[in-house]
Structures are given as structure tokens and as C-alpha cells.
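J.: First, the structure itself, so that you have it in front of you.
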Amino acid sequence: MTKGLEPIAIAANGLLDRRTFIKGGAAFAATLSGYTETQGATAQPLTDDSWSLIPGATTPPYEQRSRFEAKVTRTLTNPKGEARVQNARTPLHLSQGTVTPNGLHFVVAQSGAPDIDPAKHRLVIHGMVKRPLMFTLDALERYPKVSRMAFIECGGNSAPMFSPQPIQANLQTLHGMVSCSEWTGVLLSTLLAEAGVDPEAKWLIAEGADAPTLTRSVPLKKGLDDAMIALYQNGERLMPANGYPMRLFLPGWEGNMSIKWLRRIQVTDTPGMTFPESKTYTQLLPNGKAYQFYFVEEVKSFITQPSPGLTMNGPGTYEISGIAYSGEGCIKRVMVSADGGKTWAQAALQAPVQDKAFTRFRLPWRWDGSPAILQSRAYDDAGNVQPTRAEFVTERGELKAPLPPAAFPNQHFNGITSWAIDAKGEVKHVYA
Amino acid sequence: MFTRKCLGIGLVMSASVAYAADSPNLGTPVTPADIAAWDISILPDGRGLPAGSGTAAQGAPIYAQKCAACHGENGKGGTASALLPRGPVTSINGAERTIGNFWPVSTTLFDYIRRAMPWQQPKTLTNDEVYALTAYLLVLNKVIGESDVMNAETLPKVRMPNRDGFIVRFPGKM
């Protein structure tokens, strides 16, 4: 490494200045080692492999990823489709950047994905409007569209963090019910303007075309602000389990409210007090009361690499990388600690940093092989700071006995997650 | 504003918003009769409740036939959640949340059973059957008297025990 490019430690346990990579350029980057699920191979003399000696596969009309990536999948809670909710979690620890591939997007489907014929699907807007209207998918295609990157998170994501002891599971199990995509569709405000909303109206009741015709009440304010009827996800039509052919999309808000398979919006002066908002998506407090109409997915972050299952490959320089997001705005800053929160270094945010979207943060780290505790803490531009886990559970409650990792004892956890690295380089979930 | 600027990176969406306000007006006008089959939401004050009625005595055999397989005999729980009252909900370490100890509003029962239950054949119950099942579950949960009749008039007046157990997290957003 060239003299003068020696990275400067800016927090304890080897956290380096976030500009190190940029300044150090290729020379410094070449010293980086990857995290491994198994130990890496040693160098061998290079030869031409079989794939370099014969023509490759025919390009298919719709490409599947390499067969070597087959293990990168969602984890399912109800793979046989029994008569109960189906959850699929995103493998955030095996992903990079900020976009979730459509086939890996998390899913909560109360009663599976309906097989909707888009030509027969209808969207009705009625109730407190001057002109009750019905829209076909073809009609909506002709409307002016908007695209935006936005995350969507289940209100119950991160529920294992309410356990009294840290549950030893990977990132996918702990925080895998959040994903981020580019959503394209028609602003709901456009359709509401066409229908002519009664000035006394205050709420919308949105309903899906699935078997339980799931309904949620949404403040009209949100409907007139940034709510979208989403038709496309990362450039292609929505996936069936993500609402094909159309879903409501409420940027930054609890995923369940972004009603999938959307077929009806009733404009009202009161919330419907529907089942999901009367029980499932309420959050118990230690005083026996419960939050209702929580709406916002608050500022949050976690380190994706390294994380449990991704082992350090010996001492050396690594990139600590993770995801931060806030339902209240843009990520302004992410701080990273390697000593369990005693000292902090500011991570680099990967541009573009977008409102209510995943923001990738990165920080170089020189791991000397001794035990360390990694944490990340996000700050948004609305002034919100991610709480520590201890702060969060003091306010919201902690289980007396652990539940299975897929249980939802409570919701909306946005506290700090801690990964302990031992001398062997193994990563464990800890409370620190 | 559709999206806000992050760290000075303009997202140039405001132009799209202005453009979007100009609708091609392709919505087809519909009448209440056109959408009657979908117009099934019940509001907490009872608006939307249909004609018909039912009692717990009428609901019990329907429950045994169409609901008990998943929710257990007399609502004690099975592969699906219990529909009985549990002890008071005190915290996440307290009793399971059920109709009697948790649900804030009575009309939710009619609305949810009619749209979503029974799980494998939703939207197949008659309105009388839904009223009867609602009465049956409210009696099981000791919220109404054994012989109370549930209909569009009586159901919205039923006060649920945990009506005041809720705090709106972000009132400013409503």
C-alpha cells in the first residue's frame, strides 16, 4: 500500500475512516477478504475450465439465475399451504445493494396468493365520493405513472428481538420481513380526484380480492399524499404473492396496510375497525394497553455482512455493510461500532440515498482477530434515532420466556442489533 | 410532495405529480347495485349491516358444523386461534388476545366472519347465519346475554369490554 494511504482507525476495534476505500483505491481494495460460509480455497495454477471450451447455453425467454445460486431462497413458515398464514422471509444476508429481486421479496399471505385473471380484475372507488368509479387494469395503464424506490416492511418484522435471550438465528430469520423495490403505478390521488372526494371524508377502507378479502383502513391524508396503485415491481408486473395485478402501496408504512390484489376502496368518515387493525396489527404495551393505527415503520438498520452464518475468513480488512431505512424520510447518517456501542464511526452511505428506501451503508474494518461486537445505528432526516434494544424493550416489553423465532409476540421493533465476533471469526447474535 | 430530497439529490418527482393531477378520466361510473356483492364493509356504528338476525342458539349448530374443525369445540382453539375469553391482557406476557378480552368493536365480528370465514369457503354464509355466529361467539365471550338477538340494530350497541384499551400511535397522521 502506498505511503499516505494508511487507513486511519476512527473508532475502537479497527473501524477505519469511511473514505479509506475511495482514497486507497485498488491497492487498498485488493487487501479485502470476503466473508465465507466455508473456508476459501488456496490459489492453484489456472487452467481453462470446461465452460470455456464449449459454447454456452441457449438464452431463454425468461432467465433463471445460475444453478449455483439455488440456495439463495426465501424461508417459508407454511410450505404446504395449510389453513393459516404463509410467511416468506428475504435472505438479506446473501443480498447486496438496495434492490430485492422479485422472487426473493418477503411475503405475508393470510390465505395464499389468488390466481387473478388481469382482464377480469376490477378496482372500485366508492363511498363518500361524487362519482363512484370502476377501473380496469387496461384503463389504469393509460394513466400517468410514477416510479419510486421504496421499502416495505411487515409490522411484525424483527419480532424475535422481544425474546429475553438473543435467538441464535440468521438475519433472514431475525429481520427478513422487509424488502425494497422500485414500484411503478398510478398515484391514488389521481383516481380520488377523478371520483371527487366528499370534504367530510377522512378514511379509506382498502380491500383485497383474496379469499379473506383482507381490509385495512388508511387515513385519507396518506391516500392524497404518496399512496400509489402499484402495477409494476422492479420493472415487471407484480409477483402473484405481492398483489398481482395491482396493490395499494403506502411508502414507509406497515406492509399489511398496502393491500394486495386491491379491488375496492371505500371512502368513509371513520376507520372500519377491520380485523387486522383490531387485533393482528395492534401492539401490546407493558401497561396492558395496545397501540392501534401504528402506521409508520420507524428508523432502523442492521449489519448484513458480516452476520450469523457468514464467518470471518481470518484477520484482515473487511467491509462492514448493511441496510438502513426509515418510514419517516431519508437516512441521514449511520454509525457503526465494533466495541458494543462504546465508540462509533460514521459509515459511508451509498448514493443515491432515497426517501423511504433502503440505504446501503459501508465501512472498512481491520479485524485483528480478537472478539468484537458489531452494531449499527441509523438516524433519519426527520430527527429520529434508532433506539438501543434495551431502550426499546424497556418501553415496549420483553418476553419472559422465548418463543419460536417465527412467532409474533409483538411488533414494530426497530432497536439496534448486535453481532459478536469470536476469535474464530464466528458471528453470533447477542444483546449488548 | 410525493418524494422529498435526500442529501441534495433531487428526485425530480414534483413534475410527475403535476402531470399526474391531469387524469385521462377512464373510470366507469358504477351504481350501488353494480357493486352490491363487493360492498360488504361494516362500519363501527353499524352502517353497512344487512337485514337479518340470529341468536346464539341458532349459531351453535352452525359453529359445530362449519367452524369447530379449526377453532375447536366451543371456541377453545385448535389449528386456528381460540375464540373464547382468556384472562385479562396485561402485556406481551399476559393472556392470549381474543374477542372477549381484546377486540374493541362488536361490528368487526360480523364484518370478518362474513368476508373471511369459514376459511376454505369464505363468503358462503347467509346474513342470518353470520348474525347467529356473531351472537354465539359474543355469548361464549360473555359479552351479551344467552338469548340476545343480534341484528343491524342491536349489534352496533354491544360494548366490547376492551373498548378503551387502545392508544393511537401517530394521531397526527390520521
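The values are calculated or read from the model by the stated rules, or taken from the named source; none is laboratory data. Nothing here was measured: the structure is a model prediction, and the numbers come from that model. Here the Cβ is made from the backbone with ideal geometry for all residues, glycine too, and neighbour counts use every protein chain on show. With ligands, DNA and RNA removed, areas are computed over all heavy atoms of the protein, side chains included. Shrake-Rupley method; radii C 1.70, N 1.55, O 1.52, S 1.80 Å.
J.: If you go through the range A:214-246 one residue at a time, how many are in contact with a Ser or Thr (Cβ under 9 Å, 6 or more places away or on another chain), open to solvent by 10 Å² or more (accessible area, probe 1.4 Å) and more than 10 Å from every other protein chain (Cβ to nearest Cβ)?
T.: So the count comes out to 4.
J.: Applying the selection to the range A:251-263, what residues are part of a loop (DSSP other than H, G, I, E, B) and either within 18 Å of the chain's Cα centre (by Cα) or facing another protein chain (nearest Cβ under 7 Å) (or both)?
T.: A:251, A:252, A:258, A:259, A:260
J.: Here is a follow-up. Inspect all residues belonging to the range B:95-102 and state whether any of them is closer than 20 Å to residue A:411 by Cα, crowded, with 21+ Cβ neighbours inside 10 Å and among the aromatic types (Phe, Trp, Tyr).
T.: yes
J.: Now for a separate question. Kindly provide the set of residues from the range B:109-118 that are open to solvent by less than 10 Å² (accessible area, probe 1.4 Å) and free of Cβ contacts under 8 Å to residues at least 60 places away in the same chain, ordered by number.
T.: Passing the criteria: B:109, B:116.
J.: Where residues in the range B:64-76 are in contact (Cβ under 8 Å) with a residue 12 or more places away in the chain and over 18 Å from the mean Cα position of the chain (by Cα), which of them is least open to solvent (accessible area, probe 1.4 Å)? Before the answer, list the steps.
T.: Here is the first cut: in the range B:64-76, the ones in contact (Cβ under 8 Å) with a residue 12 or more places away in the chain are B:66-67, B:70-71, B:74-75.
Retained after the next criterion (residues that are over 18 Å from the mean Cα position of the chain (by Cα)): B:66, B:70, B:74.
Numbers: B:66: 74, B:70: 44, B:74: 87 Å².
Only one residue fits best here, namely B:70.
J.: Applying the selection to the range A:340-372, what residues are of a type in the set (Val, Ile, Thr) and within 13 Å of chain B (Cβ to nearest Cβ)? Don't jump to the end; show me each part of the working.
T.: Within the range A:340-372, the first condition is being of a type in the set (Val, Ile, Thr), and the residues that meet it are A:343, A:353, A:359.
Selection gives A:353, A:359.
J.: Moving to a separate point now. Select from the range B:119-140 the residues that are under 17 Å from residue B:71 (Cβ atoms) and crowded, with 21+ Cβ neighbours inside 10 Å and list them in ascending order.
T.: B:130, B:132, B:133, B:134, B:135, B:136, B:137, B:138, B:140
J.: State yes or no: is residue A:209 at pLDDT 95 or above and closer than 29 Å to residue A:130 by Cα?
T.: Here the answer is yes, as residue A:209 does meet what is asked.
J.: Among the residues of the range A:264-281, write down those that are facing chain B (nearest Cβ under 7 Å) and either hydrophobic (A, V, I, L, M, F, W, C) or buried (at least 24 other Cβ atoms within 10 Å of the Cβ) (or both).
T.: Across the range A:264-281, the qualifying residues are A:264, A:266, A:272, A:273, A:274, A:275, A:278.
J.: Next question. Can you find, within the range B:108-121, the residue that is farthest from the chain's Cα centre (by Cα) among those that are facing chain A (nearest Cβ under 7 Å) and of a type outside the set (Gly, Ala, Ser)?
T.: Out of the qualifying residues, it is B:120.
J.: Continuing with this model, one more query. Just one of the numbered conditions (1) under 30 Å from residue A:280 (Cα atoms); (2) assigned by TED's automatic domain parsing to the domain that holds residue A:219; (3) not charged (D, E, K, R) is not true of residue A:76; which one?
T.: Of everything listed in (1) under 30 Å from residue A:280 (Cα atoms); (2) assigned by TED's automatic domain parsing to the domain that holds residue A:219; (3) not charged (D, E, K, R), residue A:76 misses just condition (2).
J.: I'm told residue A:277 meets every condition in (1) in contact (Cβ under 8 Å) with a residue 24 or more places away in the chain; (2) part of a loop (DSSP other than H, G, I, E, B) except one. Can you identify the failing condition by its number?
T.: (2)
J.: Within the range A:53-89, count every residue that is in a helix (DSSP H, G or I) and open to solvent by 100 Å² or more (accessible area, probe 1.4 Å).
T.: 2
J.: Out of everything in the range A:172-213 that is free of Cβ contacts under 8 Å to residues at least 60 places away in the same chain, open to solvent by 10 Å² or more (accessible area, probe 1.4 Å) and not aliphatic (A, V, I, L, M), what residue ends up being farthest from the other protein chains (Cβ to nearest Cβ)?
T.: A:199
J.: Considering every residue within the range A:104-119, establish whether at least one is open to solvent by 50 Å² or more (accessible area, probe 1.4 Å) and free of Cβ contacts under 8 Å to residues at least 12 places away in the same chain.
T.: yes
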